[in-house]
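Working notes for the structure below.
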Amino acid sequence: MAKRTVEFGPVGIHTARNIERVRRSLGLTQSVVAYRCTALGRPLATTALSRTEQARRRCDVDDLVAIAAALRVHPCSLLFVPPAAPLG
């Protein structure tokens with residue numbers, strides 16, 4: 001059976017943008033965030049983080065929590081979609 005690609009929804013895309021936005025605002029490289037995730041017990045390659053930020057790789061809940069901890073923010077802040085942002 002052929003694999004079916006699951007498309008990213010608007011919240012997934014917004015979360016990917018939030019991860020990149022927060023990381024850049026903190027002046028952190030993708031390598032540093034990936035290293036911190038690994039040090040926290042959730043191994044994450046720099047390429048995986050890059051693909052996550054580009055919405056080319058799905059971010060599961062374990063990755064989300066590790067990335068949030070690496071960025072020292074609450075996971076909800078990465079999921080948050082401002083009320084004015086369109087979801088469709």
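The values are calculated or read from the model by the stated rules, or taken from the named source; none is laboratory data. From a predicted model like this one, the values you see are computed outputs, not experimental measurements. When we count neighbours, we look across all protein chains shown, and the Cβ atoms used for this are built from the backbone with ideal geometry, even at glycine.
Can you pull out every residue in segment 6-25 that is assigned to a helix (DSSP H, G or I), small (Gly, Ala, Ser) and surrounded by fewer than 20 Cβ atoms within 10 Å (Cβ to Cβ)?
Gly12, Ser25
Under 8 Å between Cβ atoms, which residue pairs at least 6 apart in sequence (or on different chains) link something in segment 63-74 that is touching a residue at least 24 places away in the same chain (Cβ under 8 Å) and on the phi < 0 side of the Ramachandran plot with a partner that is of a type outside the set (A, V, I, L, M, F, W, C) and not in a helix (DSSP H, G or I)?
Going by the 8 Å Cβ cut-off, the qualifying pairs are Asp63/Arg42; Ala66/Gly41; Ala66/Arg42.
Within segment 1-25, which residues are polar (S, T, N, Q) and touching a Leu at 6+ places or on another chain (Cβ under 6 Å)?
Passing the criteria: Thr15, Asn18.
(1) at pLDDT below 95; (2) in a helix (DSSP H, G or I); (3) not hydroxyl-bearing (Ser, Thr, Tyr): which one isn't true of Arg58, the others all being true?
(2)
Of the residues Val33, Val81, Val11, which is at pLDDT 95 or above and touching a helix residue (DSSP H, G or I) at 6+ places or on another chain (Cβ under 8 Å)?
After ruling out the rest, the residue left standing is Val33.
For segment 26-56, what are the residues that are in contact with a Leu (Cβ under 8 Å, 6 or more places away or on another chain), among the polar types (S, T, N, Q) and crowded, with 16+ Cβ neighbours inside 10 Å?
Result: Gln30, single match.
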